[in-house]
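Report on one structure; see the data block that follows.
The values are calculated or read from the model by the stated rules, or taken from the named source; none is laboratory data. Every value quoted in this text rests on a predicted model; they were computed, and no experiment measured them. Cβ placement follows ideal geometry from the backbone for every residue including glycine, while neighbour counts extend to all protein chains displayed. Surface areas here come from the heavy atoms of the whole protein model, side chains and all, with no ligands, DNA or RNA. Shrake-Rupley method; radii C 1.70, N 1.55, O 1.52, S 1.80 Å.
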Amino acid sequence: MTPNASVPSSPSQTGDAPPIVEVRGVSKVYHRGPVEISVLRGLDLSLPRGVFAAFMGPSGSGKTTLLNLVGGLDVPSAGAVSVAGEILAALRPRALAAWRAAHVGFIVQLYNLIPVLTAADNVELPLLLTHLNRKQRAEHVRTALEVVGLSDRAGHYPRQLSGGQEQRVAIARAIVTDPTIVVADEPTGDLDAESAAEVLTLLRRLNQEFGKTILMVTHDPHAAEVAGRVYRLDKGRLASER
Amino acid sequence: MSHLKLIRRNALRKPLRAILTFAAVCIAMFVFGLVFTFIDLLTAGAEELEKAPVIWVRHKISLMFPVPEKYEEQIQAIPGVATCAPMMWTEGAYKDPSIYFPQFGTDPNDVFDGFAGVTTDPGQLAEFQRDLTGCAAGKALADRCGWRVGDRIYLGRRLWPVDLDLTLRCIYTSTKTDDEGMLLYNIKALQEGFLKKTGHRYDTVGTYRVGVETLDQVPAVIEAIDGKFADHDFPTKSEPEAAFIRSFISMWGDVPGIARFVGTVIIIFLVLICGNSLAMVMRERVREVAVLKTLGFSSARILTVLVAEALLVSTLGGLCGLGASVWVAGSGLFDMFMPGASMRMETILLSAAAAVGIGLVAGVGPAWLAVRAPIVDGLRRVS
Ligand SMILES: Nc1ncnc2c1ncn2[C@@H]1O[C@H](COP(=O)(O)OP(=O)(O)OP(=O)(O)O)[C@@H](O)[C@H]1O
Ligand SMILES: [Mg+2]
């Protein structure tokens, strides 16, 4: 089975629902000494709730930058990002951190997990920021690990897991707080085809069965096929759209 | 899973590194505790002494040289002098060599006059004064050696070619514990033994302890004594008791000053060692810190977790070292300076605070550097 065959694409989404992610005229300029690097240039994007959007584009085109802005890790140089009605630039760092805890699940390409904590403890980390008690947290962790099919690995440390399993634990951690959006930056970038397929199947299930809104950056055309929408970033602009 | 577990796991991430840091703090705080206990002992009661109208007279050049026995009468004749007792430091060998205590040959008739804080039983004192081979011991010393009035105390020859076979006649108490650690005997017993042994009369003494009528007469009496003997073969130097004790201590140099310096150096050293090791730890964590931030951990929360980790290691190490030094200090190490000495509560608290302070000072900087980095930069970092 190729990843392609095992991962059918999700049904196309319509733009009727009110947008959950709204990017308006966003620019991002990095300063490296006297040099200004203009990464995003007046970018607009509007995503409805429940969408699975993939972002593709050449290296350095600003995919990670865009994802970081939507996930509240960075602030735009111009323009505004709002998620679920919240204008992120209006939040102070502490409030922004709290907002991330409540609304965003992050998955990055590599080294998502804290190496000295077991899979279950890693998944529990974001729950430490909630009001859940120990028992409720354990309950949530069990459910999240069940969803990603790693209940039997709860007590394993990251180094005892394969790359694909590590990413699935990271996904469990991203969804355990039931966030508004899930943001994944090349979640399969470092995986072999089979593990990548597992991870993509999982993300698609999250989108279809649990209605999660997912933004994913990928270089892999197969990966993009799972997504309902594919955006192409080039030279700081959203160049094409499917 | 809890914050505490995260802190613990982080601390034990590299067990060898954790053990080395722990050991460094442990050993250093052990030494620190002993050094400061030592300083305490050397400087204890100094303020109280300043108020005692007591003068010590010694040879002008050094404590090592004696002064003539016949000075006693001349000193006693000086206006303002209440009492004058010779104090001859000897160091006879007690049967148990692990027990050290200072011994002085003195004049039982004068020695307790004007001795601030000391209380004697009049009957026992009379016995001490009557018996040529009698002796008096402080209560702390008697308790430590298990002596009771009437016991024989044999002090074998060492610096002096004389064995002293003494009988304990008097046990005195004092408000100052170090004064309770002395053994006093009649200097005549020493002189007679010396005469019998060598055929020579030993007619000098080490020092005189002079009681002055009032505190404000002390300067005048000092001037009178030193003026009187200035042109003799044995010129004197007289000092108030506090200064005398200080100069006795400084026979070996500025010991408290050196000790304090050593203590301070230990702390600075530790901060640097721990700071360096923590800086390494935190550099390796920049990416993890960024991941925690993506999860919504605030900078303040992460900083707390990281500093708590430093505190955990330094406090545990410090408490172990401190425990060891409390134990060692209480087990006879300092008996030579103060029998029954133990670490003062103030010193224990100071040391504990130092251990905590080391963790804080060494931890905050590196942790701040790790937390301060923007998330997006941290995420780009692949460790
Ligand atoms: N913190 C930063 N400081 C300076 N320049 C940066 C910073 N972050 C990104 N850049 C620059 O911005 C540009 C876009 O980076 P970005 O990571 O968004 O690209 P990308 O599309 O994710 O690339 P890749 O596919 O390689 O991950 C690059 O030229 C990068 O060097
Ligand atoms: Mg990228």
Which value, in debye to the nearest 20, describes the size of the charge dipole of region B:1-146 about its Cα centre when Lys and Arg Cβ atoms bear +1, Asp and Glu Cβ atoms bear -1, and nothing else is charged? 1840
Place the peptides A:227-234, A:182-189, B:373-380 in order of packing, highest mean first, counting for every residue the other Cβ atoms within 10 Å and averaging per peptide. A:182-189, A:227-234, B:373-380
Partners for B:Lys14 among aspartates and glutamates (Cα-Cα distance below 13 Å; same-chain residues under 8 apart left out): B:Glu284, B:Glu309
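Return one whole number: the accessible area per residue of region B:66-233 in Å², for a 1.4 Å probe.
On a per-residue basis, 47 Å².
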Accessible surface of region A:148-234 [probe 1.4 Å, protein heavy atoms]: carbon and sulfur percent: 42
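Across every pair of different alpha-carbon atoms, what Kirkwood hydrodynamic radius in Å does region B:83-200 reach?
Every distinct Cα pair counted, the radius reaches 14.2 Å.
Please find the FRET efficiency linking B:Ala23 to A:Arg205, where r is the Cβ-Cβ separation and R0 is fixed at 35 Å, and quote it to the nearest 0.05.
Numbers: r = 51 Å, r/R0 = 1.46.
Plugging the Cβ-Cβ distance into 1/(1 + (r/R0)^6) gives 0.10.
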Among bridges DSSP assigns within chain A, what percent are antiparallel (round to 5)? 55
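Rounded to whole Å and sorted largest first, what semi-axes of the equivalent ellipsoid does the C-alpha gyration tensor of region A:75-179 yield via the square root of 5 times each eigenvalue?
Working: eigenvalues 153, 51, 25 Å².
For region A:75-179, the ellipsoid semi-axes come out as 28, 16, 11 Å.
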Quick one: among A:His156, A:His140, A:His222, which has the greatest mean-square fluctuation in a GNM of chain A with alpha-carbon springs under 10 angstrom? A:His156
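When you count, for each residue, the other Cβ atoms within 10 Å and take the mean per peptide, how do A:53-64, B:4-15 rank with the highest first? Present the calculation step by step, with values, prior to reporting the outcome.
Numbers: A:53-64: 20.2, B:4-15: 16.4.
Highest mean packing first, the order is A:53-64, B:4-15.
Within the set B:Lys70/B:Lys237; A:Lys28/B:Lys293; B:Lys51/B:Lys228; A:Lys28/A:Lys63; B:Lys188/B:Lys228; B:Lys70/B:Lys188, which residue pairs have Cα atoms separated by over 19 Å?
A:Lys28/B:Lys293; B:Lys51/B:Lys228; B:Lys188/B:Lys228
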In nm, give the distance between the simple-model label positions of A:His156 and A:Val29, each being 7 Å from the Cα along the Cα-to-Cβ direction. 4.8
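Taking 60 Å as R0, compute the FRET efficiency from the Cβ-Cβ separation of B:Arg283 and B:Ala93 and round it to 0.05.
Values: r = 60 Å, r/R0 = 1.00.
The calculated FRET efficiency here is 0.50.
Need one number: buried accessible surface between chains B and A, 1.4 Å probe, both sides summed, DNA, RNA and ligands left out, in Å² to 100.
Numbers: alone 19180 and 11850 Å², together 28550 Å².
So the total buried area for this chain pair works out to about 2500 Å².
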Distance between Cα centroids, region A:214-228 to region B:54-131: provide it in whole Å. 97
From Cα pairs below 8 angstrom and at least 6 apart in sequence, can you work out the relative contact order of chain B, rounded to a whole percent? 28
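Using a probe radius of 1.4 Å on heavy atoms only, what accessible surface per residue do you get for region A:21-241? Whole Å² is fine. It would help to have the intermediate numbers written out before the result.
Details: 9130 Å² over 221 residues.
Heavy-atom accessible area per residue stands at 41 Å².
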Equivalent ellipsoid semi-axes - Cα gyration tensor, the protein assembly as shown, angstrom: 85, 24, 18
With the full set of protein chains in place, find how many percent of the accessible area of region B:66-233 is carbon and sulfur; take the probe as 1.4 Å. 51
For A:Ile37, project a label point 7 Å along Cα to C-beta. Then give me every residue of region A:61-94 with its amide nitrogen under 11 Å of that point. A:61-62, A:65
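Given Cα pairs under 8 Å that are at least 6 residues apart, what percent is the relative contact order of region B:45-171?
Values: 154 pairs, mean separation 28.9, N = 127.
Rounded, it is 23 percent for region B:45-171.
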Residues A:Asp178 and A:His131, FRET efficiency given R0 of 22 Å [Cβ-Cβ distance, rounded to 0.05]: 0.95
Using DSSP, restrict attention to beta bridges with both residues in the protein assembly as shown and report what percent are antiparallel, rounded to the nearest 5. 65
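Would you mind giving the mean number of other chain beta-carbons within 10 Å of the Cβ of each residue in A:103-113, as a whole number?
Working: counts 1, 3, 2, 8, 1, 6, 2, 4, 8, 5, 2.
Per residue, the number of nearby Cβ atoms from other chains is 4 on average.
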Excluding residues fewer than 8 places away in the same chain, name every one of the aspartates and glutamates whose C-alpha is closer than 16 Å to that of B:Lys196. B:Asp163, B:Asp165
Between region B:178-197 and region A:12-81, how many Å separate their Cα centres? 95
Once the in-chain neighbours fewer than 8 apart are removed, the aspartates and glutamates whose Cα is under 17 Å from B:Lys60 read B:Glu69, B:Glu72, B:Glu223, B:Asp226, B:Asp231, B:Asp233, B:Glu239, B:Glu241
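Determine the share of region B:255-315's accessible area contributed by carbon and sulfur atoms, expressed in whole percent, with a 1.4 angstrom probe. Present the calculation step by step, with values, prior to reporting the outcome.
Working: 1850 of 2390 Å².
Answer for region B:255-315: carbon and sulfur cover 77 percent of the accessible area.
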I need the semi-axes of the equivalent ellipsoid of chain B: take the C-alpha gyration tensor, multiply each eigenvalue by 5, square-root it, list largest first in whole angstrom. 59, 22, 17
Of all alpha-carbon pairs in region A:21-241, indicate the percentage at a distance above 25 angstrom. 38
